Amino acid sequence: MDLSQRLIVALDFPTADEARALADRLAPLSPGLKLGLELFTAEGPALAREIAARGELFLDLKYHDIPNTVAHAVSRACTLGASMMNLHMSGGEEMVRAAVKARDDAGPAKLIGVTILTSLDDRDLSQSWGVPLDASALALRMAEQARDWGLDGVVASAREAAAIRKACGDDFLIVTPGIRPAGADSGDQKRVLSPSEALRQGSSHLVVGRPIRNAEDPLLAARAILDDMAAVLA
């Protein structure tokens, strides 16, 4: 796998023109490109197809519904040319297995499970569910379920990556958001690490948004992140 494909840039913009502009700026590096809820809701499947034609598309819609609905959504997403898509592990085994079957029938896209959002910590989870919960332990359990239920990997914080890598093996994908270069503002992310730290912990792919998107020179910012990654992988 090329180093550039391990970097996924989040096109989290309100308009397609802004997303296209960033994709064009980053074209010399050929990173993965993530299309999320805001832009997909605004622009729809046509933009997804366009981005997929530019490079590796991570369709980040985090499916979570009854099994039949999610299966049909995954099947349709495969026709958009997505290289990777995701669903919430909290949807349960029947939903996940239905999605895996739909993906197997429709196309070669990687299907990964969202464990615990990097914007949440132990306090948030415990407050929501009314019982004490450990985000890292829960993420590991969900990753093991993802492996057992047929998914290609998970979305997880780099802080859980080492334990997930050990439990789930070398070929299991660990896609990590909440990546922040040294000195960068963490924003609304709570469980964050730098690019090199995330790779050392076992992450296979890094999703980076604001540190590239908001940079004065996005291409230079992306190159710096790739250099940081390369130092670990050399």
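Evaluate the range 116-128: report whether one residue or more is of a type in the set (A, V, I, L, M, F, W, C) and within 19 Å of S204 (Cβ to Cβ). Write out each step before concluding.
Taking the range 116-128 as the starting set, the residues that turn out to be of a type in the set (A, V, I, L, M, F, W, C) are 116-117, 120, 125.
Filter again for within 19 Å of S204 (Cβ to Cβ), leaving 116-117.
The answer is yes; a qualifying residue exists.
Does any residue of the range 43-60 turn out to be surrounded by 14 or more Cβ atoms within 10 Å (Cβ to Cβ), over 17 Å from the mean Cα position of the chain (by Cα) and acidic (D, E)?
yes
Run down A98, A53 and say which single residue is closer than 24 Å to H205 by Cα and either aliphatic (A, V, I, L, M) or touching a residue at least 60 places away in the same chain (Cβ under 8 Å) (or both). Even if it seems obvious, please write down each step before you answer.
Working: A98 fails: closer than 24 Å to H205 by Cα.
Of the residues listed, the single one that is closer than 24 Å to H205 by Cα and either aliphatic (A, V, I, L, M) or touching a residue at least 60 places away in the same chain (Cβ under 8 Å) (or both) is A53.
Going through the range 188-203 one residue at a time, which ones are out of contact with any Gly (no Cβ under 9 Å at 6 or more places or on another chain) and either open to solvent by 70 Å² or more (accessible area, probe 1.4 Å) or at pLDDT below 90 (or both)?
D188, S194, E197, R200, Q201
Just to be sure I understand the filter: pairs with C-beta atoms under 7 Å, separated by 6 or more residues or on different chains, first member in the range 68-84 and within 16 Å of K110 (Cβ to Cβ), second member of a type in the set (K, R) and open to solvent by 60 Å² or more (accessible area, probe 1.4 Å). Which pairs pass?
Close Cβ pairs (under 7 Å, with a partner that is of a type in the set (K, R) and open to solvent by 60 Å² or more (accessible area, probe 1.4 Å)) amount to L80/R49; G81/R49; S83/K110; M84/K110.
For the range 99-117, name all the residues that are within 12 Å of the chain's Cα centre (by Cα), among the hydrophobic types (A, V, I, L, M, F, W, C) and at pLDDT 95 or above.
Hits for the range 99-117 are L111, I112, V114.
Residues in the range 55-98 that are over 20 Å from I174 (Cβ atoms) and acidic (D, E): how many?
3
How about the range 135-154: which of its residues are modelled with pLDDT under 95, in contact with an Asp or Glu (Cβ under 6 Å, 6 or more places away or on another chain) and either open to solvent by 30 Å² or more (accessible area, probe 1.4 Å) or not in a helix (DSSP H, G or I) (or both)?
Correct list: S136 only.
Of (1) touching a residue at least 12 places away in the same chain (Cβ under 8 Å); (2) open to solvent by 10 Å² or more (accessible area, probe 1.4 Å); (3) in a helix (DSSP H, G or I), R123 satisfies all except one. Which?
(1)
When the range 1-37 is examined, which residues are found to be open to solvent by 20 Å² or more (accessible area, probe 1.4 Å) and among the basic types (K, R)? Let's see the steps before the verdict.
Looking only at the range 1-37, we keep the residues that are open to solvent by 20 Å² or more (accessible area, probe 1.4 Å), and these are 1-6, 12-15, 17-18, 20-21, 24-25, 27-30, 37.
The answer is R6, R20, R25.
Going through the range 38-73 one residue at a time, which ones are among the hydrophobic types (A, V, I, L, M, F, W, C) and outside any helix (DSSP H, G or I)?
Taking the range 38-73 and keeping what is among the hydrophobic types (A, V, I, L, M, F, W, C), we get 39-40, 42, 46-48, 51-53, 57-59, 61, 66, 70-71, 73.
Within the range 38-73, L57, F58, L59, L61, I66 meet the criteria.
For the range 107-118, does any single residue satisfy the condition of being among the aliphatic types (A, V, I, L, M), in a loop (DSSP other than H, G, I, E, B), open to solvent by less than 40 Å² (accessible area, probe 1.4 Å) and closer than 30 Å to R25 by Cα?
In the first step, residues of the range 107-118 are kept if they are among the aliphatic types (A, V, I, L, M); the result is 109, 111-112, 114, 116-117.
Still in the running and in a loop (DSSP other than H, G, I, E, B): 109, 116-117.
From what's left, open to solvent by less than 40 Å² (accessible area, probe 1.4 Å): 109, 116.
Going one step further and asking which of them are closer than 30 Å to R25 by Cα, we end up with 109.
The answer is yes, given that some residue of the range 107-118 is among the aliphatic types (A, V, I, L, M), in a loop (DSSP other than H, G, I, E, B), open to solvent by less than 40 Å² (accessible area, probe 1.4 Å) and closer than 30 Å to R25 by Cα.
Of all residues in the range 200-234, how many are in a helix (DSSP H, G or I), of a type outside the set (D, E, K, R) and in contact (Cβ under 8 Å) with a residue 60 or more places away in the chain?
First pass over the range 200-234, keeping only residues in a helix (DSSP H, G or I): 200-201, 210-213, 218-233.
Add one more test, that the residue is of a type outside the set (D, E, K, R), and what stays is 201, 211-212, 218-222, 224-226, 229-233.
From the residues that got through so far, the ones that are in contact (Cβ under 8 Å) with a residue 60 or more places away in the chain too are 212, 218-219, 222, 225-226, 229-230, 233.
Summing the residues that are in a helix (DSSP H, G or I), of a type outside the set (D, E, K, R) and in contact (Cβ under 8 Å) with a residue 60 or more places away in the chain in the range 200-234 gives 9.
Identify, by number, the condition in (1) crowded, with 16+ Cβ neighbours inside 10 Å; (2) in contact (Cβ under 8 Å) with a residue 24 or more places away in the chain; (3) under 21 Å from L7 (Cβ atoms) that F40 doesn't meet.
(2)
The values are calculated or read from the model by the stated rules, or taken from the named source; none is laboratory data. On a predicted model such as this, the values are computed, not experimentally measured, just so you know. In this analysis, Cβ positions are derived from the backbone assuming ideal geometry, glycine residues included, and neighbour counts consider all displayed protein chains. The accessibility values were calculated without ligands, DNA or RNA, using every heavy atom of the protein model including side chains. Shrake-Rupley method; radii C 1.70, N 1.55, O 1.52, S 1.80 Å.
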